[in-house]
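These notes are about the structure you will find just below.
The values are calculated or read from the model by the stated rules, or taken from the named source; none is laboratory data. These numbers were taken from a predicted model, which means no experiment stands behind them. Please note: Cβ atoms are built from the backbone with ideal geometry, for glycine as well, and neighbour counts cover all protein chains shown. The accessibility values were calculated without ligands, DNA or RNA, using every heavy atom of the protein model including side chains. Shrake-Rupley method; radii C 1.70, N 1.55, O 1.52, S 1.80 Å.
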Amino acid sequence: MKIGVPKEIKPQETRIGLTPDSVKVLVSEGHDVLVENNGGFEAGFDNDQYIKAGAKIARNASDIFNDSDIIVKVKEPQKTEVDMIKEDQIVYTYLHLAAAKELTKGLIKSKSINIAYETVTDDNGRLPLLAPMSAVAGRMSVQAGAHCLEKNQKGRGILLGGAPGGEPANVLILGGGVVGENAATIATGMKAKVHIVDKSKERLKQLVQMFGDKIIPEQSDKIDLGKLVAEADLVVGGVLIPGAEAPKLVSKEMIKSMKRGSVIVDVAIDQGGCVETSKPTTHGNPTFIVDDVVHYCVANMPGGVPRTSTFALNKVTLPYLVKLANKGYQKALSEDKNFLAGLNIFKGQVTYKAVAEVFGYDYADPSKLV
């Protein structure tokens with residue numbers, strides 16, 4: 001098969017779909033790989049490394065989209081890319097369609113085959129292709145939040161871990177999944193006071209086993225969330241409903257109750273955000289202020305550390321891509337129900353229930369199509 005890797009064009013996005021090592025694996029399996037000129041440069045991979053791995057370098061994105069059976073990306077296709085996608089072409093990337101109506105419409109119109117990293121499952125119902133980027137985003141959320149709390153960033157002017165004679169900051173983490181766990185790893189490491197809210201009693205028990213008395217577990221149906229938000233210096237929003245829009249847990253009224261200069265980092269922003277006042281931002285202009293509260297809502301947080309992120313992403317996405325290229329999409333998807341869960345749009349039909357529901361499309365059962 002011909003596999004194409006275009007350069008990412010979303011603002012401040014410098015990850016790339018494949019590393020040179022991943023290219024080498026695919027070429028050894030007999031596939032042709034086309035990488036856009038300097039596509040991996042900002043992540044530390046130059047053209048020569050890709051050529052040595054067996055790839056061909058394409059001058060521009062249109063050559064990639066014209067000549068490839070499978071398009072491998074990191075972020076969702078942008079408008080100019082959607083216009084280049086061909087009928088029956090396979091697009092393998094993060095899509096986050098529940099928060100992207102126009103993209104969904106464009107992909108339906110293209111009659112392409114779209115597999116979303118973030119909805120591929122494993123036998124335990126977890127999301128293995130989302131997990132590494134959630135881990136990176138979770139760790140970055142506290143790093144970014146600590147920076148935003150500095151006075152020159154319009155924050156409260158407090159150090160996350162405090163200092164002798166000064167109390168540590170109060171960190172509230174919403175969601176105890178991969179994002180929440182990794183946010184807690186950094187926040188506890190920086191000696192902050194950390195509350196983690198989750199609806200699952202079992203998950204909170206696991207987190208207590210991991211972190212001991214360094215965290216305060218809070219079961220969502222037994223707390224006054226408004227009070228916890230009002231007391232927090234930093235709120236990290238890490239809730240997720242797979243493939244669906246994030247629930248709005250923090251209301252405008254709660255934001256008004258927060259202290260001047262406190263910080264919200266909404267990691268769920270690529271699924272619409274879990275804070276009512278959130279709107280997507282970029283690494284170039286990452287924050288805005290509502291009611292004296294600093295909001296950091298970068299929709300591609302791991303793009304800020306593209307080298308780390310690209311390696312972590314390829315480790316989990318490559319085995320599925322090899323299967324897809326070796327067997328073709330019909331065999332690869334029909335043999336593996338977990339991989340099939342990644343199919344979001346198939347030749348003009350919406351095959352992921354949460355996306356169909358949010359935009360009012362008819363849902364097509366993927367197992368009956370593939």
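Computed from backbone phi, the HN-Hα couplings of segment 302-308 come to x, x, x, 10, x, 5, 4 Hz, rounded to whole numbers (Karplus: 6.51 cos²θ - 1.76 cosθ + 1.60, θ = phi - 60°; Gly and Pro given as x). Annotation: aspartates and glutamates with alpha-carbon distance below 14 angstrom to Lys10 (same-chain offsets under eight excluded): Glu42, Glu76, Glu81, Asp270.
Would you list Thr104, Thr308 from the most to the least accessible area, probe 1.4 Å?
Largest to smallest exposure gives the sequence Thr308, Thr104.
Converting phi to 3J(HN,Hα) with the Karplus coefficients 6.51, -1.76 and 1.60 and the offset θ = phi - 60°, segment 141-156 yields 4, 6, 4, 5, x, 4, 5, 5, 6, 5, 4, 6, 9, 6, x, 6 Hz in sequence order, with x at every glycine or proline.
Taking each DSSP H run with n ≥ 4 as -39500 (n - 2.57) and averaging over every residue of the chain yields -10000 deg cm²/dmol at 222 nm.
Within the set of other residues whose C-beta is less than 13 Å from the C-beta of Ile9, count the net charge using Lys and Arg as +1 and Asp and Glu as -1. Once all neighbours under 13 Å are counted, the net charge is -1.
Where both bridge residues fall in segment 106-232, DSSP classifies roughly 10% of the beta bridges as antiparallel.
Keeping the other protein chains in place, figure out the carbon and sulfur percent of the accessible area of segment 90-165, with a 1.4 Å probe.
On the way: 1600 of 3070 Å².
The C+S portion of the solvent-accessible surface of segment 90-165 is 52 percent.
Take every DSSP beta bridge whose two residues both sit in the chain; close to 20 percent of them are antiparallel.
In order along segment 192-198, phi translates into HN-Hα couplings of 7, 8, 10, 9, 10, 9, 8 Hz, rounded to whole numbers, per the Karplus curve 6.51 cos²θ - 1.76 cosθ + 1.60 with θ = phi - 60° and x for Gly and Pro.
Straight-line reach from Lys7: taking Cα to Cα under 22 Å and skipping same-chain neighbours fewer than 8 places apart, the lysines in range are Lys24, Lys52, Lys56, Lys73, Lys75, Lys79, Lys86, Lys315. For segment 116-184 versus segment 209-283, the inter-centroid distance based on Cα atoms is 10 Å.
Between the helical axis of 178-189 and the longest alpha-carbon principal axis of the chain there is an angle of about 50 degrees. Taken per residue, the accessible surface of the chain reaches 43 Å², heavy atoms only and a 1.4 Å probe. Relative contact order, whole percent, for segment 12-165 stands at 14, derived from Cα pairs under 8 Å and 6 or more residues apart.
For Leu343, the residues whose amide H sits under 5 Å from its own are Ala116, ignoring neighbours fewer than 5 places away on the same chain, with H placed 1.01 Å from N. A straight Cα-to-Cα reach below 20 Å connects Lys337 with the lysines Lys323, Lys327, Lys347, Lys353, Lys368, residues fewer than 8 places away in its own chain not being considered.
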